[in-house]
Amino acid sequence: MTESTLPAALAEIRDDFLALEQRERLEMLLEFSNELPELPERYQEHPDLFERVVECQSPVFIFVELDGDTVHLYATAPKEAPTTRGFASILVQGIDGLTVDEVLGIPDDFPNTLGLTQAVSPLRIRGMTALLGRTKRQIRERLTT
Amino acid sequence: MTVETDPSEKFTGYAHPERLVSGDWLEAHLGRPGLVVVESDEDVLLYETGHIPGSVKIDWHTDLNDPVERDYIDGAGFAALVGGKGISRDSTVVIYGDKNNWWAAYALWVFTLFGHDDVRLLDGGRDKWIAEGRPITTDRPAPDAVDYPVVERHDAEIRAFKDDVLAHLGHPLIDVRSPEEYSGERTTAPAYPEEGALRAGHIPSAANVPWAKAAADDGTFKPVAELDAIYRDGAGLAEGEPVIAYCRIGERSSHTWFVLTHLLGFENVRNYDGSWTEWGSAVRVPIVTGSEPGAVPSR
């Protein structure tokens, strides 16, 4: 059983959101959206590796890479879906480089703690919860194969 | 002050051509006194990535829905919302948005609940405007707030509740969801999150006409002859009979409500916004599964 603790990078992102007024939180989400890293070249030609997160309203695809015990998360989402891109970007930036145990220990309700339920709506936040859940599931699958 | 309507030939066949404007018309009229352009999208951040210059944003969920009850905001809330966006009671409001104006039509329907007289859609919505290389900006306008009167919502004419639907059985119902939701294979649109309906299927006797059938490939509304073929010939709608449209939460069916009311001229069309998330969880309401409409239950 992995202990549920929020890694420092994600805790910092959460605290940054919570320090802002509602409208500024949306602007910060947009900044994350604009910062979603491009896929590394080796994955750009491999859409087959990526899993669609069907719980999100817009097409978003994720792929987890394990480098020993280190987790790398890659995600793509269209520019026309900035909210979904923002969610993906928070997780990609907050998770990249963490250990397997650290990622599996991220509380499942982390997306609900960002202070975005009012500005974005709980319905939309579900997409981010699904992103996190599928990321963890991919890690567990990689560990058993 | 109401702005003149768009005389485009494409709109002349519709029952209420004044309810649509083209990109050419809107670009030529931007900044005209009395005109307020509103963007309304599914994605709550899309407006922030770029919007029509001078346009204001209204979000279906965070602005138009009551934050506590499952209902729309009240007259005071609506007055504060739109007055704050510089919309007065006699403004010409042109709404546009993503996904073939799906959410724009929903916002238009809510404006109609409050009896706002002159509210129109930009034919083709956001995607077409951008595809045509028309101006987009990230500058956020700072409209002066104006007084909008507190007008209580008038739900009866265009909004149906569950009991209204039960009483309506035997008259035409249009289920605008995907065939998979209609048949009961699933309770949510393909690729959409689970929104909690306990049973799957459709309301007995409802015809399945997915909302997007009314849109052409470029997101504009299809010409009236094609719409007639879909709704009159295909779904059997006829003048004089009341119609109720529904989907999952009433957004996609707002699009169909717009088509039936403003483009085809049906006079008694209501949108059941409780839709499948209510009907599919309600106790002791009749449901039909499979791809056939099914019979009206005897009462």
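Read the figures in this text as sums done on the coordinates, not as results from a lab. Please read these numbers as outputs of a predicted model, since none were measured by experiment. Backbone-built Cβ (ideal geometry, glycine too); neighbour counts: all protein chains shown.
Points worth noting:
- In sequence order, calculated HN-Hα J values of segment B:98-115 (Karplus, 6.51, -1.76, 1.60; Hz; x Gly/Pro): 7, 6, 6, 6, 4, 7, 5, 5, 5, 4, 4, 5, 5, 4, 5, 4, 9, x
- Cα radius of gyration and Dmax for segment B:65-107 (Å): 12.1, 30
- In sequence order, segment A:5-18 has phi-based couplings of 9, 8, x, 4, 5, 6, 5, 5, 4, 4, 5, 4, 4, 5 Hz under the Karplus curve 6.51 cos²θ - 1.76 cosθ + 1.60, θ = phi - 60°, and Gly or Pro positions carry x.
- Close amide H contacts of B:Ala160 (hydrogens built in the peptide plane, cut-off under 5 Å, sequence separation of 5 or more or a different chain): B:Asn271, B:Tyr272, B:Asp273.
- Each part reduced to its alpha carbon centroid, segment B:196-254 and segment B:104-144 end up 22 Å apart.
- Candidate cross-link partners of B:Lys162 among the aspartates and glutamates, defined by an alpha-carbon separation under 17 Å and a same-chain spacing of 8 or more, comprise B:Glu69, B:Asp71, B:Asp175, B:Glu251, B:Asp273, B:Glu278.
- As a length-normalised measure over Cα pairs under 8 Å and 6 or more apart, the relative contact order of chain B settles at 20 percent.
- Long-range tail of P(r) for segment A:59-145 (Cα pairs > 23 Å, %): 20
- Working from label points 7 Å from Cα in the Cα-to-Cβ sense, the A:Glu35 to B:Asp147 distance is 4.7 nm.
- Distance in nm between pseudo-label sites at B:Ile158 and A:Glu24 (7 Å out along the Cβ direction from Cα): 3.9
- Stokes-Einstein diffusion coefficient of segment B:206-299, Kirkwood radius over Cα pairs, 37 °C, 0.692 mPa s, in µm²/s: 230
- Over chain B: Rg over Rh, Cα atoms, Kirkwood Rh: 0.96
- B:Leu198 versus B:Leu81: modelled label distance in nm, points set 7 Å from Cα along the beta carbon direction: 3.0
- Under the Karplus curve 6.51 cos²θ - 1.76 cosθ + 1.60, θ = phi - 60°, whole-Hz ³J(HN,Hα) for segment B:15-31, x wherever Gly or Pro sits: 5, 10, x, 5, 8, 10, 10, 8, x, 4, 4, 5, 4, 6, 9, 4, x
- For chain B, the dipole from Cβ point charges (+1 on Lys and Arg, -1 on Asp and Glu) about the Cα centre works out to 480 debye, to the nearest 20.
- Taken about its Cα centre, the protein assembly as shown carries a charge dipole of about 920 debye when Lys and Arg each add +1 at the Cβ and Asp and Glu each add -1 at the Cβ.
- Footprinting exposure proxy for B:Val269, A:Val100 (fewest neighbouring C-beta atoms within 10 Å first): A:Val100, B:Val269
- Exposure proxy order (Cβ contacts within 10 Å, fewest to most) of B:Glu42, B:Glu292, B:Glu18: B:Glu292, B:Glu18, B:Glu42
- Cα gyration tensor category, rounded, prolate or oblate, for chain A with a/c compared to 1.5: oblate
- 5 angstrom amide H check on B:Leu20, placed H, neighbours 5+ away: B:Leu121
- Direction-averaged projected area, Cα convex hull, the protein assembly as shown: 23.2 nm², rounded to one decimal.
- With a Förster radius of 22 Å applied to the C-beta separation of A:Arg42 and A:Asp69, the computed FRET efficiency comes to 0.60.
- Flagged links, alpha-carbon separation over 21 Å, of B:Lys99/B:Lys213; A:Lys79/B:Lys128; B:Lys10/B:Lys128; B:Lys99/B:Lys128; B:Lys85/B:Lys213; B:Lys10/B:Lys222: B:Lys85/B:Lys213
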